[in-house]
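Take a look at the structure below.
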Amino acid sequence: MKHPVSSRAVLAVFALLLLVAPFVLPPFTMTLLNNIGLASLVVLGLVLLTGVAGLTSFGQAAFVGVGAYVSAAFSASVLPLPDALAWMHTPWAALAMALLVTAVLALLVGMVTLKLSGHYLPLGTIAWGISMYFIFGTLDSMGGQTGMSGIPSISLFGVLLASDRAMYGLIWVAVIAVVAGLNNLLDSREGRAIRALKGGMVMAEAMGIDTARSRIVIFVIAAVLAALSGWLYVHMQRFINPSPFGLGFGIDYLFMAVLGGAAHVWGAVLGSAVIVVLKEWLQGLLPAILGRSGNFETIVFGLLIVVLLQRSRDGIWPYLARLVPVRGRPLALDPGAEPLPRREMPHPAEVVLDVRHVTRRFGGLVANNDMSLKVLAGEVLALIGPNGAGKSTLFNQVSGVDTPTSGSVQFRGHEVTGRGSRHIAGLGMSRSFQHVRLMSRMTVLENVAIGAHLRGKCGVLSSILRLDRKEEARILAEAARQIERVGLKEQMFELAGALSLGQQRILEIARALAADPCLLLLDEPAAGLRLGEKQALGDLLRKLRGEGMAILLVEHDMDFVMELVDRIVVMDFGQKIAEGLPEEIQNNQAVLEAYLGVADEEPQAVAVAGVQHGQ
Ligand code: ADP
Ligand code: MG
């Protein structure tokens, strides 16, 4: 077992290598390193977009182009400005314009494109990637397809960055800064929200995350990084034409992200380096071998993509990471962090949830038929019934994942029918899922911290600049507190995917509790739990009830239900067939019939009855 080195040490070695490179490497390699840095900036955006959040874009080259063209137009005085504003004709003022224009454009494109899902999103990015490329070619004032020269170099502290060697410093300072900024972002409240996007919208929205906003935010960040690369590129080349901003380059960038390891920030730099060097090498080698000129490297890349997707979906970064195991930043939990503010709990016996005559049809199927129930503060209500009775459907309507066909849901006096789960989460309802929905590649602590999303405020910018540490410490301390409370302390820093299914269910309860809810919805919380775990869960729920929390749970384990709950509502075929105290339900004829199809069985037979009918 090798000793892991700290990530700081890796960064230091990397920075040192970058520092000595210009003194030892020949000028030709400086150009190569510059190209790697320029590509890395674009690919870093793609890592965020595609690797972390699962949104595939082929259109990043177009944003590089927007940055380059806007900057060229400004700094080469293609756009006339009044004399008073002539000072704006510098590359730095042009940078501000380029980033601004790109951000606004990305916002507009994103609002249209990001609504698309599945295969339509990548197709959408191809469509606008191509159209922007053609627009560049029609800009006659900037040389159309032929291009335009005479773009000024960047000057920094009075030094003109006219050579590749001079640009090298600026490019790589930008890369390192972006790597650091993105790492900061991913390790924050907003970052967890972004990472949660890959787990589907339902869980994220139920935790109060505005998924549409998060998608737009990372789309704009990725576009702005591409524009930054375009700015550096165009002032390095001092020439512009449309060809480096076409779809082919958009594909190359995506390939770099996938090859490097799309979910790893450093994978962006690795993927860019491998592809830029390989391309350079193959462009010389292949025509020499084949004895004729042509872009043969494209074919090799195509084959490489296929092999990669078959063999290693995570790219090559994980291999490298195994070779040199890197210890992440030590996660210091601050037990002294000030507790997060808490919600005001409902008065004892207040009606927290009021479901009135809810009906839900799926085509011809009536999954819920005129369902009504109330849950009071400080009460545990169980919703039971055979499989397919409609319990999860009712849960989804209560929590805003689904909208009733008719009827209404009121939560703490608010009409919440059809209001969306994010809104309802904000009012103090939190849930777990029958089929666990968690981020298996995030730690238990991070997963639970997602639950506390609405209890923090720090945004993207303060996360990138690390101004969020105080709030972050409070959120993590709260997550840790809930983890201890449910008995997962030992597993706090493990990946959620490594837990047993029972532990994953418990994790979901901790995540729900991190939201500081006054109503907890638990869909089959005891399924897959061992006896000891079940008893601990029962104790926890009793304690929560004592604190005034209202709890609605669906559960098949009748021993668990009968011992714990205050009241029971029984459903069958979408309808309520009984409601009452546990002992009343145990002796209820209609219930026994629903479970067994016969009326004269022993009462406790409910406990052992299969739950198989009705589907
Ligand atoms: P339970 O949780 O009690 O086992 P469900 O609420 O999951 O039952 O399902 C009730 C019925 O509604 C089942 O017949 C199920 O197939 C159907 N159903 C649930 N969700 C949908 C859906 N999105 N589309 C169509 N039918 C559905
Ligand atoms: Mg169910």
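Screening G378 against (1) assigned to a loop (DSSP other than H, G, I, E, B); (2) in the same structural domain as L553 (by TED's automatic domain parsing); (3) within 15 Å of ligand 1 (Cβ to nearest atom); (4) touching a residue at least 24 places away in the same chain (Cβ under 8 Å) leaves a single unmet condition, (3). Within the span defined as the stretch 330-346, every residue fails to be assigned to a helix (DSSP H, G or I), more than 27 Å from D187 (Cβ to Cβ), open to solvent by 60 Å² or more (accessible area, probe 1.4 Å) and not assigned by TED's automatic domain parsing to the domain that holds G456.
Please verify whether S440 is open to solvent by 20 Å² or more (accessible area, probe 1.4 Å) and within 17 Å of the chain's Cα centre (by Cα), treating the condition exactly as stated.
yes
A search for C-beta distances below 7 Å between a residue of the stretch 530-553 that is open to solvent by 20 Å² or more (accessible area, probe 1.4 Å) and any residue that is assigned to a strand (DSSP E or B), counting only pairs 6+ apart in sequence or on different chains, returns R545/V380; R545/I551.
Of these, E508, E555, E533, E547, which one is more than 28 Å from the chain's Cα centre (by Cα), within 16 Å of ligand 2 (Cβ to nearest atom) and of a type in the set (D, E)? Write out each step before concluding.
Values: E508 fails: more than 28 Å from the chain's Cα centre (by Cα); E533 fails: within 16 Å of ligand 2 (Cβ to nearest atom); E547 fails: within 16 Å of ligand 2 (Cβ to nearest atom).
After ruling out the rest, the residue left standing is E555.
Residues in the stretch 231-258 that are within 21 Å of M30 (Cβ to Cβ) and among the β-branched types (V, I, T): V234 alone. Checking each residue in the stretch 278-296 for being open to solvent by less than 90 Å² (accessible area, probe 1.4 Å) and outside any helix (DSSP H, G or I) picks out G291, G294, F296.
Per-residue answers, yes or no, for (1) open to solvent by 10 Å² or more (accessible area, probe 1.4 Å); (2) under 22 Å from P122 (Cα atoms):
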{"residue": "R189", "(1), (2)": "yes, no"}
{"residue": "G200", "(1), (2)": "yes, yes"}
{"residue": "E205", "(1), (2)": "yes, no"}
{"residue": "G208", "(1), (2)": "no, no"}
{"residue": "V217", "(1), (2)": "yes, yes"}
{"residue": "A222", "(1), (2)": "no, yes"}
{"residue": "L225", "(1), (2)": "yes, yes"}
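Annotation note: of A227, A222, A257, A263, the sole residue that is farther than 30 Å from F395 by Cα, touching a residue at least 24 places away in the same chain (Cβ under 8 Å) and either in a loop (DSSP other than H, G, I, E, B) or β-branched (V, I, T) (or both) is A263. Of all residues in the stretch 350-362, those satisfying the criterion of being more than 16 Å from ligand 1 (Cβ to nearest atom) and within 17 Å of L383 (Cβ to Cβ) are V351, V352, L353, D354, R356, H357.
Let's see how each residue does on (1) closer than 30 Å to V358 by Cα; (2) touching a residue at least 40 places away in the same chain (Cβ under 8 Å):
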{"residue": "R419", "(1), (2)": "yes, no"}
{"residue": "H423", "(1), (2)": "yes, no"}
{"residue": "S430", "(1), (2)": "yes, yes"}
{"residue": "S462", "(1), (2)": "no, no"}
{"residue": "R474", "(1), (2)": "no, yes"}
{"residue": "E478", "(1), (2)": "no, yes"}
{"residue": "Q482", "(1), (2)": "no, no"}
{"residue": "K489", "(1), (2)": "no, no"}
{"residue": "L499", "(1), (2)": "no, yes"}
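So, in the stretch 394-409, of the ones that are farther than 18 Å from P517 by Cα and crowded, with 23+ Cβ neighbours inside 10 Å, which residue ends up farthest from ligand 2 (Cβ to nearest atom)? Top of the filtered list is P404.
Kindly indicate whether any position in the stretch 45-54 is modelled with pLDDT of 95 or more, out of contact with any Leu (no Cβ under 8 Å at 6 or more places or on another chain) and assigned by TED's automatic domain parsing to the domain that holds S214. No, the stretch 45-54 contains no residue that is modelled with pLDDT of 95 or more, out of contact with any Leu (no Cβ under 8 Å at 6 or more places or on another chain) and assigned by TED's automatic domain parsing to the domain that holds S214. What single numbered condition from (1) over 30 Å from the mean Cα position of the chain (by Cα); (2) away from ligand 2 (no atom under 16 Å from the Cβ); (3) open to solvent by 30 Å² or more (accessible area, probe 1.4 Å); (4) free of Cβ contacts under 8 Å to residues at least 60 places away in the same chain fails to hold for L365? It fails just one condition, (2).
Contact map, the stretch 87-107: first residue modelled with pLDDT of 90 or more, second residue outside any helix (DSSP H, G or I), Cβ cut-off under 7 Å, separation 6 or more or different chains; pairs are P91/P152; P91/I154. The set of residues from the stretch 92-109 being open to solvent by less than 10 Å² (accessible area, probe 1.4 Å) and either closer than 21 Å to L170 by Cβ or not assigned by TED's automatic domain parsing to the domain that holds V217 (or both) comprises A94, A98, T102. Only a single criterion out of (1) open to solvent by 50 Å² or more (accessible area, probe 1.4 Å); (2) of a type in the set (A, V, I, L, M); (3) closer than 26 Å to I194 by Cβ is not satisfied by A84, namely (3). Evaluated against (1) small (G, A, S); (2) assigned to a helix (DSSP H, G or I); (3) open to solvent by 20 Å² or more (accessible area, probe 1.4 Å), A162 falls short on exactly one condition, (2). Could we say that N447 is out of contact with any Ser or Thr (no Cβ under 8 Å at 6 or more places or on another chain), in the same structural domain as G497 (by TED's automatic domain parsing) and either farther than 22 Å from L513 by Cβ or of a type outside the set (A, V, I, L, M) (or both) here? Here the answer is yes, as N447 does meet what is asked. Scanning the stretch 570-615 for residues that are at pLDDT below 50 and either open to solvent by 70 Å² or more (accessible area, probe 1.4 Å) or over 45 Å from the mean Cα position of the chain (by Cα) (or both) gives V598, A599, D600, E601, E602, P603, Q604, A605, V608, Q612, H613, Q615.
Is it fair to say D187 is in contact (Cβ under 8 Å) with a residue 60 or more places away in the chain, under 18 Å from L44 (Cβ atoms) and acidic (D, E)? Show your work before the answer.
Numbers: in contact (Cβ under 8 Å) with a residue 60 or more places away in the chain: yes; under 18 Å from L44 (Cβ atoms): yes; acidic (D, E): yes.
In short, yes.
Give me the residue from the stretch 363-375 that is of a type in the set (A, V, I, L, M, F, W, C) and within 9 Å of ligand 1 (Cβ to nearest atom) and, out of that set, nearest to Q434 (Cα to Cα). Write out each step before concluding.
Residues of the stretch 363-375 that are of a type in the set (A, V, I, L, M, F, W, C), as a first pass: 365-367, 371, 373, 375.
Still in the running and within 9 Å of ligand 1 (Cβ to nearest atom): 365-367.
On the way: L365: 21, V366: 21, A367: 17 Å.
Residue satisfying both the conditions and the ranking: A367.
Can you confirm whether T417 is assigned by TED's automatic domain parsing to the domain that holds V591, β-branched (V, I, T), surrounded by 15 or more Cβ atoms within 10 Å (Cβ to Cβ) and within 13 Å of ligand 1 (Cβ to nearest atom)? Walk me through it before giving the result.
On the way: assigned by TED's automatic domain parsing to the domain that holds V591: yes; β-branched (V, I, T): yes; surrounded by 15 or more Cβ atoms within 10 Å (Cβ to Cβ): yes; within 13 Å of ligand 1 (Cβ to nearest atom): no.
No: the conditions fail for T417.
Restricting to the stretch 247-277, name every residue that is buried (at least 20 other Cβ atoms within 10 Å of the Cβ) and not hydrophobic (A, V, I, L, M, F, W, C). G250, D252, Y253, G260, G261, H264, G267, G271, S272, listed by residue number. What residue, among those in the stretch 387-411 that are within 7 Å of ligand 1 (Cβ to nearest atom) and part of a loop (DSSP other than H, G, I, E, B), is nearest to V375 (Cα to Cα)? For the stretch 387-411, the residue satisfying everything is G390. Set side by side, the residues S40, S71, S57, S117 differ, and just one is open to solvent by less than 50 Å² (accessible area, probe 1.4 Å) and more than 24 Å from G260 (Cβ to Cβ), which is S71.
The values are calculated or read from the model by the stated rules, or taken from the named source; none is laboratory data. Treat the numbers as computed from the prediction; the structure is a model and nothing was measured. Cβ: placed from backbone, ideal geometry, glycine included. Neighbour counts: every protein chain shown. Ligands, DNA and RNA are excluded from the accessible area calculation, which covers all protein heavy atoms including side chains. Shrake-Rupley method; radii C 1.70, N 1.55, O 1.52, S 1.80 Å.
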